[in-house]
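Each remark here refers to the structure printed beneath this line.
The values are calculated or read from the model by the stated rules, or taken from the named source; none is laboratory data. Worth saying up front: this structure is predicted, and the values here are computed from it rather than measured. Counting neighbours? That spans all protein chains shown, and the Cβs are built from the backbone with ideal geometry, glycine included. Remember, those area values only see protein heavy atoms, side chains included, never the ligands or the DNA or RNA. Shrake-Rupley method; radii C 1.70, N 1.55, O 1.52, S 1.80 Å.
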Amino acid sequence: LCRNSDIDGLKQSIGQLESRFNSRYNYPYTFLNDVPFTEDFKREVSKLSNSTMQFGLISKAAWEIPSWISRKKAKEARVAMK
C-alpha cells in the first residue's frame with residue numbers, strides 16, 4: 001500500500017530490495033492505492049527494477065481502518081511496538 005506522495009521513500013526501499021534480493025529473482029511488484037497512481041509515479045517506480053510492476057486501485061473502505069477497530073488501542077499498540 002502506498003500513495004503517490006510516497007515516491008521518495010519507495011525509491012529507497014525498492015533500491016535496497018533490488019540490491020539485496022530481487023535483482024536475482026525478479027519477483028513482481030504490486031502497488032495499491034485508494035486513488036489512481038499518477039503517470040509520473042508509475043514511470044519513476046518502473047525505472048527501479050526489471051521486474052513486472054502492477055498498479056492497482058482499492059476502495060476507500062479497504063484503505064481505512066475498519067470501524068470495529070479501536071483507534072485508541074491501535075495507536076497504543078503502534079507506540080508499544082516501537
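Here are some notes:
- Loop-located GluC sites (Glu not before Pro) in region 35-70 (DSSP state other than H, G, I, E, B) with a sparse environment of at most 16 neighbouring Cβ atoms within 10 Å: GLU64.
- HN-Hα J in Hz across region 58-66 - Karplus 6.51, -1.76, 1.60, θ = phi - 60°, x for Gly and Pro: 10, 5, 4, 5, 6, 6, 7, 5, x
- With helices as the sole contributors, the chain gives -11500 deg cm²/dmol at 222 nm; each DSSP H run of n ≥ 4 counts as -39500 (n - 2.57), and the sum is divided by every residue.
- Förster radius 30 Å - calculated FRET efficiency between LEU32 and SER70, Cβ distance, rounded to 0.05: 0.75
- Rolling a 1.4 angstrom probe over the protein heavy atoms with all chains in place gives region 1-81 an accessible area of 75 Å² per residue.
- Extent along the principal axes, Cα only, for the chain: 41, 29, 20 Å, with the longest axis given first.
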